[in-house]
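For reference, the structure discussed in these notes is given below.
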Amino acid sequence: MRKNAKFSFKKTKFLKKMIIIFLILILNYMNLGFMPLEKAHSYFNINSLITQFYTSYQQEDWQKSIDLLMEIANKDFNSFILQGEEANLVQNNFRDVYFNNIKTIQEKSLEKALKYLDKYYKFYKYDNVINNLKKEIEYGILDKTLVDYTGEITHFFTHCLIAYPNLAFDEKNPYKDTYDKDCITINEFNSILDELYANDYVLIDIENTYSQETGSINKLRLPKNKKPLIFSFDDVVYDQKKIHTGLVDKLVLDDKNEIATYTSNNPDEEQIIYDNEFLTILENFIKQHPDFSFLNAKGIICLTGFTGILGYRTQSKSGDRNTQISKVTKLINRLKELNWKFACHSYGHYHMEKMTLDDFKKDTDDWLNEVATLIGDTTIYAYPYGEWDKNENAKQNYLKEKGFNLFFGVGINNYFNKIHGNLVMDRKPLDGYSLRKRQNEYKKYFDCEKIYDHENRAIPYKETSYFL
Ligand SMILES: [Zn+2]
C-alpha cells in the first residue's frame, strides 16, 4: 500500500509538470515568447491582479486600485505601463483620499503618518501640498529629539577666499594688503570648518531665527548639545579690476548642474575647480558631515551691485548685460535649490554715514532694480563696513520702507537684538587681521595660531601684534 501511495504521488507531480509544460508550449504558440517556469507563474498572477485592478477601478476604490497598481508594477513594469491611462486617473483620484488619510493618521502617530505618506510619495513628489505636509511631519518627528536653545548665536563672516595665495600675496600685487586684511585662504577655511564641527557647532538657517514678516526673534530648537552657527560671505562680486590677483574669476555651473569656479590666470589655461571657494568647500564639507547643517542650512551671500554679482557683469552699465543675466540666473536658481540665502550689501559699497539721503536712496533703489530682480526678495541688509548712520533715522527708515527688517553689523561680540526698533545681528570677521589679533576672543571656536596659513601668508603670525 505504502509503495503504491508513493508511486501515485510521484505520478501526480509528474502530471502537474506535464500540464505546466503544455501551458508553456501553448503560450509559446500564442506568440507570447518562451517563458521560464517562474515567469509563466507570474504571468498568470499578473493577469489575476489586472482583473482585480479593473474591478476595484470600476468600484472607484482608489486605495485598493493604487495598491494593485503598485503590486503589478513591482512584478512586471511593462504590465504597469499598459495600464497608463487608468494609472493616471487612479493617481488623480487617489490624491484626496491619500491627503485625508495622512491627516487622520498624523493625529495619532507622526511616524505611522510618514510611513503611509512615503509609501505613495513617488506619485506625488511634485505636489506642493503633499511636500509641505511631508516636511511638517518630518519636522514633527525630528522636533521630539530637539531641545530649546536660549544661548547666543555665533555669526561669522568673510569674503571670497584667497584661491591663489602666490598671486594674492605677491609683492607687486596692489591688493595684497586688502586680501591679507579682509580674506582667509583655502587652508584656513578648511581648518576653521574642521574646528567648528569638532566643537559641536551646527549651521542654522538665518530664516529660522526670525520672522521675515514681523522681524521678531524666533525661539530656537536644536539637536542636543549643538551650538548654532551662521556663516555669511560679503561682496562675492569678483570685481573685474581685481581679476587675476588671487581670487577665482567667477562661480559657474557645470553640465551636471554642480557648482564650480572658473579661473583663467593664464590666457591659455582655463581652470574649473571644485574646492577652491567657500561655496563649494562648504557644500563638500556638509556632504561629508551632514550633521554640520541643521535642516539643510547653508550660508548667506551678501551682494553689492556696482559691477554685477558672482562674477557676472549684470550691472546696468554693462555692455553684455542680457547674456550675463541669462547665465547668472541658472546659477542663482541652483544656489537657491541648495538653500543658499541672499542679502543686500548696498549697491556701491559706500560708507552710509557719509552719503546724503538722496544718494543713499538711489544706491538702495539701484540695488533693488539690478540685484533684487535677479536674486528675488530679501529682508536682510548687511551694512557695508558694518557701519550705519547713527545721526539720523531717515536712511534706516528708507531701508525698512523697502522691506528690510534684519540688519547685519560687524563686531566681535555675538548679539542679535532689537536696537532702536531694528533687529540687528553682529558678525565676527574672519580674515588675516582677526586671526592675528583675536586669538583670545576666538579661543572657544578654534586656535587662531593653528588655523593661520603660515605657509602662504606674507605676514608672520607673531610679528603682527607689534605693528598692526
Ligand atoms: Zn563688503
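The values are calculated or read from the model by the stated rules, or taken from the named source; none is laboratory data. Bear in mind that the values here come from a model prediction, so they are computed numbers and not experimental data. Methodologically, a virtual Cβ is constructed for each residue, glycine included, from the backbone with ideal geometry; neighbour enumeration extends over all protein chains shown.
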With respect to GLU136, is the statement that it is at positive phi and not assigned by TED's automatic domain parsing to the domain that holds LEU222 true?
no
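To keep it simple, each residue is scored yes or no on (1) in contact (Cβ under 8 Å) with a residue 24 or more places away in the chain; (2) part of a helix (DSSP H, G or I); (3) more than 30 Å from ASN225 (Cβ to Cβ).
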position: LEU68; (1), (2), (3): no, yes, yes
position: LYS112; (1), (2), (3): no, yes, no
position: LYS115; (1), (2), (3): no, yes, no
position: ILE137; (1), (2), (3): yes, yes, no
position: ILE141; (1), (2), (3): yes, yes, no
Some residue of the range 325-334 being touching a Ser or Thr at 6+ places or on another chain (Cβ under 8 Å) and either outside the structural domain of GLY305 (by TED's automatic domain parsing) or not in a loop (DSSP other than H, G, I, E, B) (or both):
yes
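Any residue at all in the range 232-241 that's closer than 30 Å to THR145 by Cα and in contact (Cβ under 8 Å) with a residue 12 or more places away in the chain?
In the first step, residues of the range 232-241 are kept if they are closer than 30 Å to THR145 by Cα; the result is 232.
Still in the running and in contact (Cβ under 8 Å) with a residue 12 or more places away in the chain: 232.
The answer is yes; a qualifying residue exists.
Yes or no, residue by residue, for (1) within 30 Å of ARG334 (Cβ to Cβ); (2) more than 16 Å from the ligand (Cβ to nearest atom); (3) modelled with pLDDT of 95 or more; (4) β-branched (Val, Ile, Thr):
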site	(1), (2), (3), (4)
ASP363	yes, no, yes, no
TRP367	yes, no, yes, no
ASP377	yes, yes, no, no
GLU387	no, no, no, no
LYS390	no, yes, no, no
TYR398	no, yes, yes, no
LYS402	yes, yes, yes, no
ASN413	no, yes, no, no
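Quick check, is ASP358 without any contact (Cβ under 8 Å) to a residue 24 or more places away in the chain, farther than 24 Å from ILE206 by Cα, assigned to a helix (DSSP H, G or I) and within 16 Å of the ligand (Cβ to nearest atom)? Working first, answer last.
On the way: without any contact (Cβ under 8 Å) to a residue 24 or more places away in the chain: yes; farther than 24 Å from ILE206 by Cα: yes; assigned to a helix (DSSP H, G or I): yes; within 16 Å of the ligand (Cβ to nearest atom): no.
Judged against the criteria, ASP358 is not a match.
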Taking the condition buried (at least 19 other Cβ atoms within 10 Å of the Cβ) and over 24 Å from ASP182 (Cα atoms), does THR314 pass?
yes
Inside the range 259-304, the number of residues satisfying the requirement of being within 16 Å of the ligand (Cβ to nearest atom) and either of a type outside the set (Phe, Trp, Tyr) or free of Cβ contacts under 8 Å to residues at least 40 places away in the same chain (or both) is 6
Helices (runs of 4 or more DSSP H) completely within the range 156-235 that count 1 or more residues being within 16 Å of the ligand (Cβ to nearest atom), surrounded by fewer than 21 Cβ atoms within 10 Å (Cβ to Cβ) and not small (Gly, Ala, Ser):
176-182
Quick one: what pairs do we get from the range 442-460, first residue buried (at least 20 other Cβ atoms within 10 Å of the Cβ), second part of a loop (DSSP other than H, G, I, E, B) and among the aromatic types (Phe, Trp, Tyr), C-beta under 6 Å, 6+ apart or different chains?
CYS448/TYR442; TYR452/TYR461
When every residue in the range 416-430 that is within 27 Å of the chain's Cα centre (by Cα) and under 18 Å from TYR385 (Cβ atoms) is compared, the one surrounded by the most Cβ atoms within 10 Å (Cβ to Cβ) is LEU430
Condition check: of a type in the set (Ser, Thr, Tyr) and either touching a Gly at 6+ places or on another chain (Cβ under 8 Å) or under 23 Å from ASP447 (Cβ atoms) (or both). Does TYR274 satisfy that?
no
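Among the residues that make up the range 430-437, is at least one of them assigned by TED's automatic domain parsing to the domain that holds SER326, among the charged types (D, E, K, R) and more than 16 Å from the ligand (Cβ to nearest atom)? Break it down into steps so the answer makes sense when it comes.
Our first condition is that a residue be assigned by TED's automatic domain parsing to the domain that holds SER326; within the range 430-437, this holds for 430-437.
With the extra rule that they be among the charged types (D, E, K, R), the set shrinks to 431, 436-437.
Of the ones still in play, those that are also more than 16 Å from the ligand (Cβ to nearest atom) are 436-437.
So far as the range 430-437 goes, yes, one or more of its residues are assigned by TED's automatic domain parsing to the domain that holds SER326, among the charged types (D, E, K, R) and more than 16 Å from the ligand (Cβ to nearest atom).
Yes/no matrix, rows are residues, columns are (1) hydroxyl-bearing (Ser, Thr, Tyr); (2) under 22 Å from THR364 (Cα atoms):
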site	(1), (2)
THR261	yes, no
ASP275	no, no
ILE281	no, no
ASN296	no, no
CYS302	no, yes
THR314	yes, yes
LYS317	no, yes
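Residues checked against (1) touching a helix residue (DSSP H, G or I) at 6+ places or on another chain (Cβ under 9 Å); (2) within 16 Å of the ligand (Cβ to nearest atom); (3) within 25 Å of ILE217 (Cα to Cα):
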site	(1), (2), (3)
GLN91	yes, no, no
PHE94	yes, no, no
ASN100	no, no, no
ASN132	no, no, yes
Residues within the range 351-363 that are buried (at least 17 other Cβ atoms within 10 Å of the Cβ) and closer than 18 Å to LYS317 by Cβ, tallied
1
Residues that are crowded, with 19+ Cβ neighbours inside 10 Å and in contact with a Leu (Cβ under 8 Å, 6 or more places away or on another chain), drawn from the range 381-404
TYR381, LYS395
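May I ask you to say which residue of TYR126, TYR121 is part of a loop (DSSP other than H, G, I, E, B), out of contact with any Lys or Arg (no Cβ under 6 Å at 6 or more places or on another chain), among the hydroxyl-bearing types (Ser, Thr, Tyr) and farther than 23 Å from PRO223 by Cβ? Before you say what the answer is, go through the steps one by one.
Details: TYR121 fails: part of a loop (DSSP other than H, G, I, E, B).
The unique qualifying residue is TYR126.
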Scan the range 392-403 and tell me whether some residue there is more than 28 Å from the chain's Cα centre (by Cα) and aliphatic (A, V, I, L, M).
yes
